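Notes for the one structure printed next.
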Amino acid sequence: MSEYHIDTKCIHAGYTPGDGEPRVVPIVQSTTYKYDHAETLGKLFDLEEAGFFYTRLGNPTLDAVEKKIAAMEGGVGAMLTSSGQAASLISVLNICHAGDHVVSSSAIYGGTFNLFYKTMQEMGIEFTFVSPNSTEEELNAAFKPNTRCVFAETLANPALIVTDLELFAKVAHAHEVPLLVDNTFPTPVNCRPFTFGADIVIHSTTKYMDGHAVQVGGVIVDSGNFNWENGKYPEFTEPDESYHGVVYAKQFGKAAYITKARTHLMRDLGAQASPQNAFLLNLGLETLALRMERHCSNALAVASYLEKSDKIAWVNYPGLESNAYYTLAKKYMPNGTCGVISFGIKGGREAAAKFMEGLKMASIVIHVADLRTCVLHPASTTHRQLSDEQLVEAGIGADMIRMSVGIENIEDILNDIDQSLKQL
Ligand SMILES: *Cc1c(COP(=O)(O)O)cnc(C)c1O
């Protein structure tokens with residue numbers, strides 16, 4: 001599939017039906033798979049043969065969608081999860097244990113921050129949060145002898161900060177640890193972090209990849225590029241006694257990380273996606289390239305419009321030339337970033353609420369990144385668990401409105417905004 005462009009991969013990668021088989025990836029709603037010989041099942045369990053035996057560990061519908069996303073990102077393998085949160089958790093847990101340390105950008109999704117700052121630190125994994133604008137020296141200073149990975153978000157939700165992926169990758173690799181990147185907002189249509197040195201990519205597929213707001217899901221993608229045999233990761237070079245003594249790096253080579261994520265952590269944590277959700281996700285993926293184009297052109301038009309309004313205090317969209325991250329955005333996302341913009345209304349919190357309530361077509365929802373234009377006040381909703389200091393670190397002001405610009409006709413979107421602004 002590598003010869004196809006990304007928009008073609010969105011449609012065709014991952015599934016090639018045989019003669020007389022369904023043209024569309026079918027929903028295989030079965031937990032279990034039948035075999036004629038007990039021995040075959042034994043070999044599947046020992047990972048000596050590839051095949052399905054229990055849907056927690058693999059399912060033909062999930063498999064097709066995993067192969068499609070791996071092809072879109074340019075990786076060697078992928079694993080769907082029940083949510084983006086599960087993908088973040090498993091991506092780190094696959095290589096970090098109690099006593100290990102992670103360097104994470106502070107410009108990350110609020111849910112990821114809570115997961116790292118509270119739950120995973122309670123599990124004994126220590127996190128150091130660094131500014132997404134850190135210099136090489138500042139990043140280097142965050143490392144410890146027990147650092148096992150670096151985590152960042154390509155385009156942070158909702159701060160819309162663009163991470164200098166090449167710099168983060170360079171520093172991670174100088175310390176012989178992988179760079180894990182949450183690529184949810186740009187999607188592989190607008191950015192493929194592996195081409196900039198990232199080793200593992202994760203997504204909340206709940207957002208643009210699905211795009212219709214019908215399923216919660218996540219995915220982990222393995223580039224196959226990281227050398228797990230550098231002496232720092234015994235979980236890949238020493239036998240896993242809980243899995244018949246398998247040595248992942250030896251038996252699975254480039255796919256060691258993603259195989260272990262499945263056979264070890266999906267086996268133990270059971271955060272798999274459902275076949276029905278994988279099917280819905282696949283429908284979304286088929287039109288992803290087309291939708292991202294429209295999201296980006298609509299968002300740029302809305303951002304430019306707001307920038308000119310005297311009722312708006314500030315506008316944040318990396319696609320605007322006035323934006324601090326414009327140059328980085330052009331480098332990492334030359335075809336556009338995403339449909340999410342943020343802005344502040346003059347008059348702060350109160351004016352923000354009045355503006356949002358005045359919208360007729362756009363709705364107030366917690367969701368973001370689907371085809372309907374919607375708005376949200378992060379400081380009082382998605383990020384309300386954060387302290388004022390943490391809000392500033394994450395790049396979120398109390399007056400910030402996050403608008404997820406949909407794919408409706410741009411004139412209807414602008415008219416809606418205009419009529420609500422006029423009521424202020
Ligand atoms: C929504 C989101 C997540 C969490 O995903 P869920 O599917 O809601 O669990 C993680 N990262 C980013 C960037 C997100 O926007």
Considering each residue of the range 72-99, count those that are under 20 Å from residue 150 (Cα atoms) and within 10 Å of the ligand (Cβ to nearest atom), and give that number. 6
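Hey, can you tell me all the residues within the range 193-203 that are assigned to a loop (DSSP other than H, G, I, E, B) and either without any contact (Cβ under 8 Å) to a residue 12 or more places away in the chain or away from the ligand (no atom under 16 Å from the Cβ) (or both)? Give the steps one after another, and end with the answer.
Initial filter on the range 193-203 (assigned to a loop (DSSP other than H, G, I, E, B)): 197-199.
Once the filter is applied, which keeps residues that are assigned to a loop (DSSP other than H, G, I, E, B) and either without any contact (Cβ under 8 Å) to a residue 12 or more places away in the chain or away from the ligand (no atom under 16 Å from the Cβ) (or both), the range 193-203 yields 197, 199.
Has the range 44-58 got at least one residue that is assigned to a helix (DSSP H, G or I) and at pLDDT 95 or above?
The initial filter retains those residues of the range 44-58 that are assigned to a helix (DSSP H, G or I), namely 44-45.
Next, from what is left, pick out any that are at pLDDT 95 or above: none.
No, that holds for no residue.
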Can you name every residue in the range 394-419 that is farther than 12 Å from residue 374 by Cβ and surrounded by fewer than 21 Cβ atoms within 10 Å (Cβ to Cβ)? 395, 397, 398, 399, 409, 410, 411, 412, 414, 415, 418, 419
Of all residues in the range 211-229, how many are more than 11 Å from the ligand (Cβ to nearest atom), β-branched (Val, Ile, Thr) and surrounded by fewer than 24 Cβ atoms within 10 Å (Cβ to Cβ)? 1
Counting only residues in the range 59-88 that are of a type outside the set (Gly, Ala, Ser) and assigned to a loop (DSSP other than H, G, I, E, B), the one surrounded by the fewest Cβ atoms within 10 Å (Cβ to Cβ) is identified as 76
Selection status of residue 124, surrounded by fewer than 22 Cβ atoms within 10 Å (Cβ to Cβ), under 23 Å from residue 176 (Cβ atoms) and touching a Gly at 6+ places or on another chain (Cβ under 8 Å): yes
Over the range 250-266, the set of residues among the aliphatic types (A, V, I, L, M) and crowded, with 21+ Cβ neighbours inside 10 Å is 256, 258, 261, 266
Single match in 190, 227 (criterion: more than 24 Å from residue 293 (Cβ to Cβ) and out of contact with any His (no Cβ under 8 Å at 6 or more places or on another chain)): 227
Please enumerate the residues belonging to the range 373-385 that are more than 15 Å from the ligand (Cβ to nearest atom) and buried (at least 17 other Cβ atoms within 10 Å of the Cβ). 373, 375, 377, 379
Quick check on residue 346: is it among the charged types (D, E, K, R) and closer than 23 Å to residue 154 by Cβ? no
May I ask you to list the residues in the range 155-187 that are part of a loop (DSSP other than H, G, I, E, B), of a type in the set (Asp, Glu) and within 26 Å of residue 400 (Cβ to Cβ)? 164
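If we scan the range 141-157, do we find a residue that is of a type in the set (A, V, I, L, M), touching an Asp or Glu at 6+ places or on another chain (Cβ under 6 Å) and more than 14 Å from the ligand (Cβ to nearest atom)? First the steps, then the outcome.
Taking the range 141-157 as the starting set, the residues that turn out to be of a type in the set (A, V, I, L, M) are 141-142, 150, 152, 155-156.
Filter again for touching an Asp or Glu at 6+ places or on another chain (Cβ under 6 Å), leaving none.
There is no residue in the range 141-157 that is of a type in the set (A, V, I, L, M), touching an Asp or Glu at 6+ places or on another chain (Cβ under 6 Å) and more than 14 Å from the ligand (Cβ to nearest atom).
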How many residues does the range 223-251 contain that are in a helix (DSSP H, G or I) and in contact (Cβ under 8 Å) with a residue 60 or more places away in the chain? 3
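The values are calculated or read from the model by the stated rules, or taken from the named source; none is laboratory data. Keep in mind it's a predicted model, so treat the numbers as computed, not measured. As a convention, Cβ positions derive from the backbone with ideal geometry for all residues, glycine included, and neighbour counts pool all protein chains shown.
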